[in-house]
Structure formats: C-alpha cells, structure tokens
Amino acid sequence: MQWEVEALEPAELQRLDLAAVDPYIDRDVLARQLAREEQQRRAREEFVGRWGAASEGPA
C-alpha cells in the first residue's frame, strides 16, 4: 500500500501520526521529559536575560 502524504492537510497528517504512535507512548516518561524541557527553557531564558543585561553595561 502506498499513500501520497503530500496530498493530506498538515493537521490531518499530524492526527494520523499521533494516532499511530499513541499506544506506544509511556506517559510517565513523556511527562518527565516535558518537565525537563520546560526547566531547560526557563534556564536558557534566565541566562539570556543575564547575558543581555551584562552586555549593556553601566549607562
């Protein structure tokens, strides 16, 4: 069987992809990974904020 996935709307393709992998997702692992990514995002934002403030220097 062959499908022309380019003909599908992006939202429909995403829905099909998510439905195919959903049974294999370990929700506990996913939750821990999402929390880790959020922590890293906050750390990057904090770093960039400090870096930007330090590069401005005294007025």
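The values are calculated or read from the model by the stated rules, or taken from the named source; none is laboratory data. Because the structure is predicted, anything quoted here is derived from the model rather than measured. Backbone-built Cβ (ideal geometry, glycine too); neighbour counts: all protein chains shown.
Considering only the stretch 21-40, I want to know if a residue exists there that is part of a helix (DSSP H, G or I), modelled with pLDDT of 95 or more and among the β-branched types (Val, Ile, Thr).
Scanning the stretch 21-40, I find at least one residue that is part of a helix (DSSP H, G or I), modelled with pLDDT of 95 or more and among the β-branched types (Val, Ile, Thr), so the answer is yes.
Taking the condition aliphatic (A, V, I, L, M) and surrounded by 10 or more Cβ atoms within 10 Å (Cβ to Cβ), does VAL21 pass?
Considered against the rule, which asks whether it is aliphatic (A, V, I, L, M) and surrounded by 10 or more Cβ atoms within 10 Å (Cβ to Cβ), VAL21 comes out as no.
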